[in-house]
Amino acid sequence: MIKDQLPDPLVYEMNEVDERFLKELNESKSKSKDFTTPIVDKYKLIQMIVAFEKEAALHDDNSYKINCTQAENISKQQKIIQHKSTIQKIYKYWTEQRKHLKRPLLRKFWRLRISEQNLTATVFN
């Protein structure tokens, strides 16, 4: 496979679950007639997930976690989304997805399992 054909490890590709979450997030805003809350498009959601993953990967304690306050600060500092309740909903979704998958959402931050490490060592030694 040519390097240009490989997926970018820092790009998050949305799946059906993400699409459903985004649709529900935006529908809940329109149903509540909350006109102060901006509609979130898929690019904003991707930006949030990538920003959260990058920040979580910076911690050396192997927790790969950030808290909701950190998530709010990241989003506001990077001017992705400013609305607190929207950030909190996206943060909650992000943490639930990581917990469900038992790994970060960006491939770049996946850890090799022991069996994969042994296979890699066998192949390249």
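The values are calculated or read from the model by the stated rules, or taken from the named source; none is laboratory data. Please read all numbers here as calculations on a predicted model, not as lab measurements. With ideal geometry, Cβ positions are generated from the backbone for all residues, glycine too; neighbour counts draw on all protein chains shown.
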Is it the case that some residue within segment 47-67 is on the phi > 0 side of the Ramachandran plot, modelled with pLDDT under 90 and surrounded by 11 or more Cβ atoms within 10 Å (Cβ to Cβ)? yes
Listed by first then second residue, the pairs whose first member lies in segment 12-27 and is under 16 Å from ARG98 (Cβ atoms), whose partner is part of a helix (DSSP H, G or I) and of a type in the set (Asp, Glu), with beta carbons under 9 Å and at least 6 positions apart or on separate chains, are TYR12/ASP18; TYR12/GLU53
Just one of (1) out of contact with any Phe, Trp or Tyr (no Cβ under 6 Å at 6 or more places or on another chain); (2) free of Cβ contacts under 8 Å to residues at least 24 places away in the same chain trips up HIS83, so point out which. (2)
Residues located in segment 1-28, provided they are assigned to a helix (DSSP H, G or I) and modelled with pLDDT under 75: LYS3, ASP4, GLN5
Enumeration of residues in segment 68-99 that are surrounded by fewer than 16 Cβ atoms within 10 Å (Cβ to Cβ) and of a type outside the set (D, E, K, R): CYS68, THR69, GLN70, ASN73, GLN77, GLN78, GLN82, SER85, GLN88
